[in-house]
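**Student:** Sharing a structure, written as structure tokens. Questions coming.
The values are calculated or read from the model by the stated rules, or taken from the named source; none is laboratory data. Computed from a predicted structure; not experimentally measured. Cβ atoms come from the backbone with ideal geometry, glycine included; neighbour counts cover every protein chain shown.
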Amino acid sequence: MNTNLLQQASTLDIDEQIELVEAIWNGIVSRGAVPTLTEAQKIELDRRLADHLANPNDVISWDEVKAAALSKVGQ
């Protein structure tokens, strides 16, 4: 990693750092790059899929999830 770039990025304010991260991420996505999953991530995805297949009706709507999240952050 280029530590000089990291130092420069650390001098930006938070909003600028977020914009930089978004720009970098969008560049990665536009190239069609797909990050490699770790073994732990693969295991967790397999576990979640198996749970969903075993319990397909055990779901929460997006509206419920969103409302719960917003209530936790006080909005």
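**Student:** Pairs, please: C-beta under 9 Å, at least 6 apart or cross-chain, first residue part of a helix (DSSP H, G or I) and in region 17-35, second surrounded by 11 or more Cβ atoms within 10 Å (Cβ to Cβ)?
**Tutor:** Once the first residue is part of a helix (DSSP H, G or I) and sits in region 17-35, its partners that are surrounded by 11 or more Cβ atoms within 10 Å (Cβ to Cβ) give 17/9; 19/12; 20/9; 20/12; 21/9.
**Student:** Take residue 8 and decide whether it is modelled with pLDDT of 95 or more, under 17 Å from the mean Cα position of the chain (by Cα) and assigned to a helix (DSSP H, G or I).
**Tutor:** Against the criterion (modelled with pLDDT of 95 or more, under 17 Å from the mean Cα position of the chain (by Cα) and assigned to a helix (DSSP H, G or I)), residue 8 does not qualify.
**Student:** Here's a follow-up. Hey, does region 41-50 have a residue that's surrounded by fewer than 10 Cβ atoms within 10 Å (Cβ to Cβ) and either modelled with pLDDT of 95 or more or not in a loop (DSSP other than H, G, I, E, B) (or both)?
**Tutor:** No, region 41-50 has no match at all.
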